[in-house]
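Trainee: My structure is below; once you've seen it, I'll send some questions.
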Amino acid sequence: MRIISGKYRGKRLFLPPEKSVRPTTDRTKESLFCILQAEIAGASVLDLFSGSGALGLECLSRGAARVVFSDVDTRHVKKNLGFVGETNYRVIQASFEKVLNILAADGETFDLIFLDPPYRSALGEAAIAAIGEKRLLNADGKIIFEHFCDKELKDLRDYVTIYDRRVYGTQAISFLKAKADE
């Protein structure tokens, strides 16, 4: 796996040897970032369940203003951040609940939030609910949720709606945004 575009283009990423870790493939990542390309420069980004940090690193490479990486195990993202020659990122090692509490206490909000939780878990939906309750998504912000394609998602909370969904083999990416005030 590598960085697709931007100032770190072509840099190879360290992948964890564990079979349970399922990084976003280059093909899927390239498609995703074609969709988001106009929204990354200057954005504040949260890479929740970051794993290797591939999604957040792609954002840094493409000019995001700042990226917060978080996971219960940050060894892999820290190793991959070794080639980044800037300081506009933060790494938090904790459960997603603790991370979201820390970010809310710090008054942080985000333009883009990437969710790539363990598949076949309810962690993604729980994270979306907590993000909404803590008001961590900016008004025009987006949540990008990677999951198995057979997972049925509905409007997950009163404040979030799914506005797009793309399927790549067995994985899908759902794009969510805050519901407009009625």
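The values are calculated or read from the model by the stated rules, or taken from the named source; none is laboratory data. Everything quoted here is computed from the prediction, not taken from an experiment. Here Cβ is always computed from backbone atoms with ideal geometry, including for glycine, and neighbour counts include all displayed protein chains.
Trainee: Taking only region 66-77 into account, find how many residues are modelled with pLDDT of 95 or more and in a helix (DSSP H, G or I).
Mentor: Final tally of qualifying residues: 0.
Trainee: Look at region 63-103 and say how many of its residues are closer than 19 Å to Phe33 by Cα, among the small types (Gly, Ala, Ser) and crowded, with 20+ Cβ neighbours inside 10 Å.
Mentor: Qualifying residue count for the region: 1.
Trainee: Considering region 121-136 alone, what residues qualify as being over 18 Å from Arg165 (Cβ atoms) and either touching a residue at least 24 places away in the same chain (Cβ under 8 Å) or surrounded by 14 or more Cβ atoms within 10 Å (Cβ to Cβ) (or both)?
Mentor: Leu123, Ala126, Ala129, Ala130, Ile131, Gly132, Lys134, Arg135, Leu136
Trainee: Does region 20-41 include one or more residues that are farther than 22 Å from Cys149 by Cα, in contact (Cβ under 8 Å) with a residue 60 or more places away in the chain and in a loop (DSSP other than H, G, I, E, B)?
Mentor: For region 20-41, residues farther than 22 Å from Cys149 by Cα, in contact (Cβ under 8 Å) with a residue 60 or more places away in the chain and in a loop (DSSP other than H, G, I, E, B): absent.
Trainee: Going by the structure shown, is Leu60 in contact with a strand residue (DSSP E or B) (Cβ under 9 Å, 6 or more places away or on another chain), modelled with pLDDT of 95 or more and either surrounded by 14 or more Cβ atoms within 10 Å (Cβ to Cβ) or at negative phi (or both)? Before the answer, list the steps.
Mentor: Details: in contact with a strand residue (DSSP E or B) (Cβ under 9 Å, 6 or more places away or on another chain): yes; modelled with pLDDT of 95 or more: yes; either surrounded by 14 or more Cβ atoms within 10 Å (Cβ to Cβ) or at negative phi (or both): yes.
Against the criterion (in contact with a strand residue (DSSP E or B) (Cβ under 9 Å, 6 or more places away or on another chain), modelled with pLDDT of 95 or more and either surrounded by 14 or more Cβ atoms within 10 Å (Cβ to Cβ) or at negative phi (or both)), Leu60 qualifies.
Trainee: For the condition assigned to a loop (DSSP other than H, G, I, E, B) and within 13 Å of the chain's Cα centre (by Cα), what is the one hit in Gly85, Gly51, Gly63? Steps first, please.
Mentor: Values: Gly85 fails: within 13 Å of the chain's Cα centre (by Cα); Gly63 fails: within 13 Å of the chain's Cα centre (by Cα).
Just one listed residue meets the conditions, Gly51.
Trainee: Looking at (1) touching a helix residue (DSSP H, G or I) at 6+ places or on another chain (Cβ under 9 Å); (2) modelled with pLDDT under 90; (3) more than 30 Å from Gly10 (Cβ to Cβ), which one does Ser121 not meet, given that it meets all the others?
Mentor: Checking Ser121 against (1) touching a helix residue (DSSP H, G or I) at 6+ places or on another chain (Cβ under 9 Å); (2) modelled with pLDDT under 90; (3) more than 30 Å from Gly10 (Cβ to Cβ), the one that fails is (1).
Trainee: Another question, then. Could you tell me whether any residue of region 155-168 is surrounded by fewer than 16 Cβ atoms within 10 Å (Cβ to Cβ), assigned to a loop (DSSP other than H, G, I, E, B), β-branched (Val, Ile, Thr) and touching a Cys at 6+ places or on another chain (Cβ under 7 Å)?
Mentor: There is no residue in region 155-168 that is surrounded by fewer than 16 Cβ atoms within 10 Å (Cβ to Cβ), assigned to a loop (DSSP other than H, G, I, E, B), β-branched (Val, Ile, Thr) and touching a Cys at 6+ places or on another chain (Cβ under 7 Å).
Trainee: Can you tell me which residue is farthest from Leu13 (Cα to Cα) among those in region 88-103 that are touching a helix residue (DSSP H, G or I) at 6+ places or on another chain (Cβ under 7 Å) and assigned to a strand (DSSP E or B)?
Mentor: That would be Ile92.
Trainee: Just to check your reading of the model, which residue among Ala54, Ala38 is surrounded by fewer than 16 Cβ atoms within 10 Å (Cβ to Cβ) and either basic (Lys, Arg) or modelled with pLDDT under 95 (or both)? It would help to see each step written out before you state the result.
Mentor: Working: Ala54 fails: surrounded by fewer than 16 Cβ atoms within 10 Å (Cβ to Cβ).
Only one candidate qualifies: Ala38.
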